[in-house]
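The values are calculated or read from the model by the stated rules, or taken from the named source; none is laboratory data. Owing to the predicted nature of the structure, the values given are computational and were not obtained by experimental measurement. No Cβ is skipped: glycine too gets one built from the backbone with ideal geometry, and neighbour counts run over all protein chains shown.
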Amino acid sequence: MKAAVIRFPGSNCDQDCHYALQNVFGVPTDYVWHKETSLSGYDLVVLPGGFSYGDYLRCGAIARFSPIMKAVTDYAQNGGLLIGICNGFQVLTESRLLPGALVRNRSLHFICENRPLRVEAVNNPFLSQALSGQVLNIPIAHGEGSYTADEATLKELISNQQVLLRYCDANGFVSDASNPNGSADNIAGICNAARNVFGLMPHPERACEKALGSTDGKVIFESILNSLGVRAAA
Amino acid sequence: MKARVTVMPKKSVLDPQGVAVREAVAHHGFPQVKSVRIGKFMEIELSDDEAIGADAEARLHEVCRDLLSNPVIEDYELQIER
Amino acid sequence: MKARVTVMPKKSVLDPQGVAVREAVAHHGFPQVKSVRIGKFMEIELSDDEAIGADAEARLHEVCRDLLSNPVIEDYELQIER
Amino acid sequence: MNTAVYLPKDPEITPEVIAKHGITPDEYERIKSILGREPNFTELGIFSVMWSEHCSYKNSKPELRKFPTTGPTVLVKAGEENAGVIDIGDGWGVAFKMESHNHPSAIEPFQGAATGVGGIIRDIFTMGARPVFNLNSLRFGPISGKTDEKGEVAPNVKHNRRLFGGVVSGIAHYGNCIGIPTIGGEVYFDESYEGNPLVNVFCLGVLKHEQIARGAASGIGNPVFYVGAETGRDGLAGAAFASRELTEESKQDRPAVQVGDPFKEKLLLEACLELLATDAVAGIQDMGAAGLTCSTCETASRGGTGVEIDLEKVPKREAGMTPYEIMLSESQERMLIIVKKGKEQIVRDIFEKWDLPHAEVGVVNDDGMMRVKAGDVVVAEIPASKLADDAPIYHREVAPRPAPTPLSCIPATDIEAGLEKLLADPSIASKQWVYRQYDHMVRLGATVLPGSDSAVFIVREAGKILAATSDCNSTYCALDPREGARVAVAEAARNLACSGAVPLAVTDNLNFGNPHKPDNFWQLRECVEGLAEGCNAFDVPVTGGNVSLYNESPAGAVDPTPTVGMVGLIEDPKHVTTSHFKDSGDVIFLLGDLGSEMGGSHYLKVLHGRKEGVPPKVDFVQERALHDTLRALIKMGLVKSAHDCSEGGLAAALAENCISGDKAKTVGAKVDFGVTGLQAEVLLFNESQSRVVITVSANNAAAAEALAQWRGTPVRRIGTVGGSDLRIEADGSVWNWNTAALQGVWGSSIANCMSAQ
Ligand SMILES: Nc1ncnc2c1ncn2[C@@H]1O[C@H](COP(=O)(O)OP(=O)(O)O)[C@@H](O)[C@H]1O
Ligand SMILES: [Mg+2]
């Protein structure tokens, strides 16, 4: 099993994702430079957080046109497992690999803090090891993480169980009070209809070690490895 | 050749910045303010080069759609000045 | 009454966003792009209310200076439509 | 790309022109004798920036020599390079430094603060270190209260809020984008910063000993490369600007504002570290204040060589720039690199990879000259070492300010309401509104998040745990500069001890008023000597820092503010300690005495509007003994929480302990001081030094108490953790607070100020 972490100019969680995969889970992981054009030989591709191209214009808008994105799209269309975290999620929506868009937090402020998230669906490779309704504590760190989509799209996402994570309170109760950024329906993470592309604003790679306060992010990586038939090393 | 692009958030999309600015404007001596919407304005200068070709306008619209705006949340307006 | 405000970075001030977008536009079939500058566009709707008064325009300019633009690095343009 | 240099007919150099450059007649004579002729306009500009306080420290150098800068762990001494480097063991070192961006932030808070962050980060990776975290120390005029009869907020308060909000989002913008966590700092609000905020930013980087890079132009014939952003007319003469008082017209000083591009700097950072990992680099220097000028003459003077550059080859953002403009531009995100001859291609390849401008602009030569050409025309020719090192040194006149008068009596107050008021004061209140806007978790290092006494960071590549804090109580410094500075060092060391760390080294940022005013300069001297005494007392060398003078607004000079940034090492993950109370039943001890010093206290300032009295004195022997005892207890695994007493005294410390943990889960405490014979206000709110509140699990209480006693540290069992209220009893009186309510007051105070219209 081999994983790839895509490096856009301005990515800054690339090293963190690499560390989590390789050092915490023992997955051989390569950095793939945005000027590359092939992703052959990888079983997992991660679009990391950061500020690709400075997030100028719109978050992820310019990264979407990096040479590597053609390969990323083909990889996804062929069913490869693809996960976009924070800025990676924004790149995925900008490239239409996931529906909707991520806009400015309603507070207009960047927000960095641990947030409880409710697991909404487990019938997918990204949360198969979690319990539906389980509350995960995972940090968020973004200024533009308010998920938005038109009514029809939202309905579809919900009915297809493509909403995987919602912002909630410590007891798993979802309400506007537990919504940090104004996301529609408190949505924190969604997957595509084929269930092989996952985008989320929270940073699971920041919640894989006791020393960092939470290990709730591990279940996401463990689910992915498990679905690839790999026993997590950790 | 000059292209001017205005990109505005769709009416359906909430525009927290617009709301905040409306509040501020109201407190700034304009209680009559009804709404404020905030978008982007871009000025693009192109060298007047044959190579641009006649289909330039069509291609600029494409740039507006693909790059300069996100149709999911924004509408754009393009003006060209030769 | 409607007010349209365009806020642009001053000419001599670095516009990193414009530079990034220029590169992107160039790679998007327009190698001829010379420069891109990006600013804000705001649409302010005011109820047609007597109270607004004749000095409205002057006061709107004030709002533009104090609130909507940052005179240190930006210039603004105000259009009013009654 | 704009290449051509515009060569206008230079303005004639009149006494006015010279004065406008902030150059005195004597200095002008000195320039002439260095050149053996009259300088031309460009050369005059070059001298004016190099000889500004900001670059030359001409007013403060003699004072700075008083700092201890050596020690067994010092790998690179302060002043030798862009930042000092300290050994942390196993072949690893840390480079760290603090820098001010006060004046730019006063004019344009967002960009001013952002470019400050960019600048200090460049200082660190110029040393070959990978920046791993930032701190920031901020000072503003009041943001609370002050509403007029119409319930409108006073304009100055509005303005202070705008500055505060702008500075914080500017720091967030730059640090978050470049991906370096901002894990700690401090924020104070005081009238003296009205119109002249202080923005001090700190960056720390890690490197292997052999990776230390030098800023010297060595190797005759080596090519000189310019890399990074193009040069524009940004911040023209910003360095000179930072060395002048803020006057009304300097607000018009438009060009002094630079716009930062954290994205560019991220690319520059990665490209430079990639390049430094090869052996292509002979020397490297960032272009900060005084940009191209400073970097060329400093590298030459460090290398004992000369440097010749051709401005035609410098990447430019704007057309028609003059040599004067190019040499003095302060465009951000640029570096100068001296490349080993024959290795040019390595540089080109790496900067191509990162899509960054790069150009070979000159060569190192042996004639000791900084020679600037535009094509074949020589536009400036100055002996590099003289320009860099022979700035005049001034021994300013000092005039002591009157010593503070002791307080006669301490006004009484409603204790319960009083503590709430103190906790709501923005200087004491939770800074969550601030650090929530900073990405403090990127790089997977922050094992103690903002909100504890020190930030604690895991440096994985080195297998080390660092603790860092920044401290300075400028009210103390205003009343007694020397003692205030001593306290700043003591508090920093204490904050580190509370987290389980041993202090390693210090960086400082001296923020003072106009040095030509003898009483200002006296404050500077007293503070420097106070800091030096503190550093010697804790055996910590000063790795470098920054001096910011002329911090004056129409209302006068700011309170003297010698900000201390201190870094420490934590031996073992098990020793990492946080400040908030943990579990019910834990026993609360006070290490140190009850204290009684009320001078300069927040109690007097916040509740009675009085900034007076004799500030607390620190006894370094006692202070150090306290830290050693605390660390000993921590190493034995006895300490569950440790928090020092600072602003607001014991009562504030105890309250913070109850409410600074998980917002949703505050914890109460029952505290009984028994018979103290002290006035309640004095007992609860005095700010005497050398005191720490710790908690210990019940079954370890006896052992902890015995160990502290055995080590001769005053220790007193004052209560137990538990319940939903903070209940304090002393001399027969009882006070009670609901901790959830206190959390509300303390936790949302700043947010409330900032959301108010
Ligand atoms: N500007 C800031 N940026 C980040 N963290 C901050 C800032 N100001 C304060 N903090 C954090 O808030 C906590 C309390 O700060 P402070 O009251 O100065 O602590 P102390 O009094 O112990 O020095 C510390 O953890 C500090 O790092
Ligand atoms: Mg403290």
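What to note about this one:
- Inter-residue pairs, beta-carbon under 9 Å, first more than 14 Å from every other protein chain (Cβ to nearest Cβ) and in the stretch D:419-435, second basic (K, R) and more than 15 Å from ligand 2 (Cβ to nearest atom), 6+ apart: D:D425/D:K605; D:S427/D:K605
- Checking each residue in the stretch D:322-351 for being closer than 26 Å to D:A114 by Cα and among the polar types (S, T, N, Q) picks out D:S329, D:S331, D:Q332.
- Flag for D:R443 being more than 15 Å from ligand 1 (Cβ to nearest atom) and surrounded by 24 or more Cβ atoms within 10 Å (Cβ to Cβ): yes
- Scanning the stretch D:609-623 for any residue that is assigned to a helix (DSSP H, G or I) and within 16 Å of ligand 2 (Cβ to nearest atom) turns up at least one such residue.
- Residues in the stretch D:494-506 that are assigned to a strand (DSSP E or B) and within 16 Å of ligand 1 (Cβ to nearest atom) were compared, and the one that is farthest from D:D644 (Cα to Cα) is D:V506.
- All positions within the stretch D:555-591 that are over 21 Å from D:L138 (Cβ atoms) and assigned to a loop (DSSP other than H, G, I, E, B): D:E571, D:D572, D:V576, D:T577, D:T578, D:H580, D:F581, D:K582, D:D583, D:S584, D:G585, D:D586
- Against the list (1) away from chain D (no Cβ under 13 Å); (2) assigned to a strand (DSSP E or B); (3) aliphatic (A, V, I, L, M); (4) within 20 Å of D:A664 (Cβ to Cβ), the condition A:V174 fails is (2).
- In the stretch A:190-206 there is no residue matching the filter, namely being assigned to a loop (DSSP other than H, G, I, E, B), surrounded by fewer than 20 Cβ atoms within 10 Å (Cβ to Cβ), among the aliphatic types (A, V, I, L, M) and within 14 Å of chain D (Cβ to nearest Cβ).
- Any hit, the stretch D:346-363, residues being in a loop (DSSP other than H, G, I, E, B) and farther than 30 Å from C:A20 by Cα: no
- Residues satisfying the stated conditions in the stretch D:148-198, i.e. hydrophobic (A, V, I, L, M, F, W, C) and either closer than 17 Å to D:V442 by Cβ or out of contact with any strand residue (DSSP E or B) (no Cβ under 9 Å at 6 or more places or on another chain) (or both): D:I171, D:A172, D:C177, D:I178, D:I180, D:I183
- Among the residues making up the stretch A:144-161, those that are without any contact (Cβ under 8 Å) to a residue 24 or more places away in the chain and within 12 Å of chain B (Cβ to nearest Cβ) are A:D150, A:E151, A:A152.
- The number of residues in the stretch B:15-68 that are touching a residue at least 24 places away in the same chain (Cβ under 8 Å), of a type in the set (A, V, I, L, M, F, W, C) and either part of a helix (DSSP H, G or I) or more than 7 Å from every other protein chain (Cβ to nearest Cβ) (or both) comes to 5.
- Inside the stretch D:166-196, residues that are within 9 Å of chain A (Cβ to nearest Cβ), among the small types (G, A, S) and part of a helix (DSSP H, G or I) make up a count of 2.
- Residues of the stretch D:494-507 satisfying the condition of being away from ligand 2 (no atom under 15 Å from the Cβ) and either within 14 Å of another protein chain (Cβ to nearest Cβ) or touching a Leu at 6+ places or on another chain (Cβ under 6 Å) (or both): D:V502, D:L504
- Any hit, the stretch D:75-96, residues being out of contact with any helix residue (DSSP H, G or I) (no Cβ under 6 Å at 6 or more places or on another chain) and either more than 24 Å from D:L466 (Cβ to Cβ) or aromatic (F, W, Y) (or both): yes
A quick yes/no check of all residues on (1) within 14 Å of chain A (Cβ to nearest Cβ); (2) within 16 Å of ligand 2 (Cβ to nearest atom); (3) in contact with a helix residue (DSSP H, G or I) (Cβ under 6 Å, 6 or more places away or on another chain):
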{"position": "D:V442", "(1), (2), (3)": "yes, no, no"}
{"position": "D:V456", "(1), (2), (3)": "yes, yes, no"}
{"position": "D:I465", "(1), (2), (3)": "yes, no, no"}
{"position": "D:D480", "(1), (2), (3)": "no, no, no"}
{"position": "D:A492", "(1), (2), (3)": "no, yes, no"}
{"position": "D:N509", "(1), (2), (3)": "no, no, no"}
{"position": "D:P518", "(1), (2), (3)": "no, no, no"}
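- Any chance D:F125 is modelled with pLDDT of 95 or more and touching a helix residue (DSSP H, G or I) at 6+ places or on another chain (Cβ under 6 Å): yes
- Residue list for the stretch D:1-59, restricted to those being more than 16 Å from D:L292 (Cβ to Cβ) and polar (S, T, N, Q): D:T14, D:T24, D:S33, D:N40, D:S56, D:N59
- Scanning the stretch A:49-79 for residues that are within 15 Å of the chain's Cα centre (by Cα) and over 11 Å from A:I6 (Cβ atoms) returns A:G49, A:F51, A:C59, A:G60, A:A76.
- Qualifying residue in the stretch D:578-586 (condition: of a type in the set (F, W, Y) and either within 16 Å of ligand 1 (Cβ to nearest atom) or within 26 Å of D:A698 (Cα to Cα) (or both)): yes
- When every residue of the stretch D:519-536 is checked against the conditions, none turns out to be in contact with a Leu (Cβ under 6 Å, 6 or more places away or on another chain) and more than 13 Å from ligand 1 (Cβ to nearest atom).
- Enumeration of residues in the stretch D:626-642 that are touching a helix residue (DSSP H, G or I) at 6+ places or on another chain (Cβ under 6 Å), part of a helix (DSSP H, G or I) and within 16 Å of ligand 1 (Cβ to nearest atom): D:H627, D:L630
Residue by residue, here is whether (1) more than 26 Å from D:L707 (Cβ to Cβ); (2) within 16 Å of ligand 2 (Cβ to nearest atom) holds:
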site: D:L638; (1), (2): no, no
site: D:S641; (1), (2): no, yes
site: D:S646; (1), (2): no, yes
site: D:L650; (1), (2): no, yes
site: D:G677; (1), (2): yes, no
site: D:S690; (1), (2): no, yes
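- Screening D:I220 on (1) surrounded by fewer than 24 Cβ atoms within 10 Å (Cβ to Cβ); (2) farther than 30 Å from D:G306 by Cβ shows it passes everything except condition (2).
- For the stretch D:643-663, a tally of residues being within 14 Å of chain A (Cβ to nearest Cβ) and within 12 Å of ligand 1 (Cβ to nearest atom) returns 0.
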